[in-house]
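One structure is given here, and the rest of the page talks about it.
The values are calculated or read from the model by the stated rules, or taken from the named source; none is laboratory data. These numbers come from a predicted model, not from an experiment. Cβ placement follows ideal geometry from the backbone for every residue including glycine, while neighbour counts extend to all protein chains displayed.
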């Protein structure tokens, strides 16, 4: 849970990526929303930071988070995969967004993704 120690701008960048993943397949499932609520509580992301993150540019978010340690980036990847899996299946559009994000952040090895 290294993310809870990040500053507000990096947390907002993370929120931006969560929003991008949840919208990737064109539909938002209640289980995805519940997963995001769980993550924001666990990582101590307050409502002001969440609101900022909803409007945070994805390109800037990726550039910002690419500066983080490997441990933080792996945790980010783990959470983003969990969001994509929350509705029971990782759709092709979600998978494409995840792989683009991981590539742009410089994540070379991914956490276990059971859906391919």
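Quick notes on this one:
- Count - residues of region 11-24 that are farther than 16 Å from residue 37 by Cα and surrounded by fewer than 20 Cβ atoms within 10 Å (Cβ to Cβ): 0
- Residue list for region 71-113, restricted to those being modelled with pLDDT under 95, closer than 21 Å to residue 38 by Cα, outside any helix (DSSP H, G or I) and touching a helix residue (DSSP H, G or I) at 6+ places or on another chain (Cβ under 8 Å): 87, 88, 90, 111, 113
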